[in-house]
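Here's the structure we're looking at; comments come further down.
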Amino acid sequence: MKLKLIIWYLVTFGVTLNYCMLPRDWYYGRELNFTSVASIATGGVELFEPSAVMPNPLSISRPKFIFSGAYQLGMLGERRTRFVFDQYDNTVGEIAIAENNSLYGQIGQFAFLLPTPLLNLEFTTAPAINYHYYFYREFRDDFYTLIATEEVRLSGILYKSSLILGRQWCNKFGFAFGPIYFFGSRDYHYYRSAVLNNPDIIIDTPGAPWGWGYTCKISYTPIEKLSATLYYTSSTTLKDFIRGQTAVYYPWSVRLNLCYLASGEIPTKLGAFASYTNWQRLNINNFNKVLNLGIGIEHTLLNMVALRYGFRIEPSFTKPTVICAVFTAGWGFEVSSMKLDVGAEIGRRELYPEHFLYITDTDRIYQNIVTILGGLKVPIELPW
């Protein structure tokens with residue numbers, strides 16, 4: 001009985017300790033604010049992308065079946081620092097207590113659009129939530145001898161698959177609706193090596209989250225060169241967030257996307273979006289409503305080469321005053337009838353102890369986020 005109590009205390013201590021290392025918004029995952037390779041390059045803005053509610057207003061060609069696919073690479077860099085004080089308690093600087101870089105790769109968006117005389121069919125499978133996070137720290141004594149190590153490794157991705165039916169009327173109004181199926185994996189691993197006479201602490205909590213929701217889109221094109229699209233995604237409960245034990249609720253979100261074709265010698269598309277998510281609905285302390293904003297630009301150069309760039313801000317739902325500023329850029333090329341696209345984003349933010357599941361002994365955390373996408377889009381002309 002005494003042995004069971006000792007083991008229970010050690011496990012409880014280990015669980016509490018390891019969650020001190022993990023930011024809350026990485027525990028729930030980082031929302032990916034882009035839908036395609038072109039979208040990531042324009043700050044998350046969709047610039048006249050053909051969809052179930054909006055055939056491309058810049059194209060006068062016959063309807064085409066469009067297939068697209070992408071692959072995604074990502075990197076997370078994190079530095080944790082602690083303030084150094086002099087004998088009078090004045091801050092004299094910061095020292096790094098941990099510095100980590102981690103890489104991951106995964107399948108990006110896979111989609112096709114099938115226009116028909118009655119309804120347009122749009123199928124998309126794309127990453128929605130990114131769970132990749134890594135932390136490693138070494139403990140050394142006064143003689144710089146390694147006495148213990150600590151590691152937190154969170155991996156996985158949540159995809160969303162949507163099957164949407166829609167149509168546009170009078171070349172101005174469009175509406176689409178369909179179900180969304182969320183699926184993916186999420187594996188949490190914590191390891192702390194033995195300290196003094198205590199054993200190693202190892203915790204693994206794998207999960208395969210899944211759930212159902214729905215989405216709808218409404219588009220309006222008042223003039224040929226201007227388009228507005230409103231998106232709504234329902235809330236969902238992801239079961240098996242921790243396999244067989246935990247279900248996690250994710251709130252609904254709404255998004256407004258604006259596109260405009262500017263006149264000039266160089267064809268230029270301008271766009272902006274605003275995305276609202278009600279994280280406060282979870283009724284968890286320090287969770288807030290979040291408003292993401294982004295702008296994007298695309299220039300069409302010689303030989304139909306597209307130059308894209310944009311900017312986006314992402315407030316943290318654990319503390320909206322902490323904002324991740326994201327800069328984006330990319331290129332688009334046409335090879336025969338195919339389109340090749342490359343896009344990237346880089347963001348930076350600063351976290352504080354209150355952003356973690358439990359208060360840490362670290363004063364500041366600096367994070368750099370990099371994502372690179374490469375994709376292919378193939379249009380196929382239809383007989384109707």
Seminar exercise, completed: Just one listed residue, out of Asn257, Asn286, is assigned to a loop (DSSP other than H, G, I, E, B) and of a type outside the set (Asp, Glu), and it is Asn286
Exercise. Which condition number does Leu261 fail, the rest of (1) free of Cβ contacts under 8 Å to residues at least 40 places away in the same chain; (2) over 22 Å from Ile129 (Cα atoms); (3) aliphatic (A, V, I, L, M); (4) surrounded by 16 or more Cβ atoms within 10 Å (Cβ to Cβ) being met?
Worked result: (1)
Problem set entry | Only listed residue being within 26 Å of Ser227 (Cα to Cα), open to solvent by less than 50 Å² (accessible area, probe 1.4 Å) and touching a His at 6+ places or on another chain (Cβ under 6 Å), chosen from Thr318, Thr328, Thr268, Thr300 | Thr268
Exercise. When you look at Leu163, is it outside any loop (DSSP other than H, G, I, E, B), modelled with pLDDT of 85 or more and not basic (Lys, Arg), yes or no?
Worked result: yes
Seminar exercise, completed: Of the residues in region 166-202, those that are out of contact with any helix residue (DSSP H, G or I) (no Cβ under 6 Å at 6 or more places or on another chain) and part of a strand (DSSP E or B) number 24
Seminar exercise, completed: When region 339-361 is checked residue by residue, the ones that are modelled with pLDDT under 85 and over 21 Å from Tyr28 (Cα atoms) are Asp361
Exercise. Can you name the condition, by its number, that Asp187 falls short on among (1) closer than 29 Å to Ser51 by Cβ; (2) modelled with pLDDT of 90 or more?
Worked result: (1)
Exercise. For the subset of region 69-88 comprising residues that are free of Cβ contacts under 8 Å to residues at least 24 places away in the same chain and of a type in the set (Phe, Trp, Tyr), which member is least open to solvent (accessible area, probe 1.4 Å)?
Worked result: Phe85
Exercise. Has region 143-165 got at least one residue that is open to solvent by 50 Å² or more (accessible area, probe 1.4 Å), touching a Pro at 6+ places or on another chain (Cβ under 7 Å) and not hydroxyl-bearing (Ser, Thr, Tyr)?
Worked result: yes
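The values are calculated or read from the model by the stated rules, or taken from the named source; none is laboratory data. Note that this is a predicted model, so its numbers are computed, not measured. Here Cβ is always computed from backbone atoms with ideal geometry, including for glycine, and neighbour counts include all displayed protein chains. Calculation scope for accessible area: heavy atoms of the full protein, side chains included, ligands and nucleic acids excluded. Shrake-Rupley method; radii C 1.70, N 1.55, O 1.52, S 1.80 Å.
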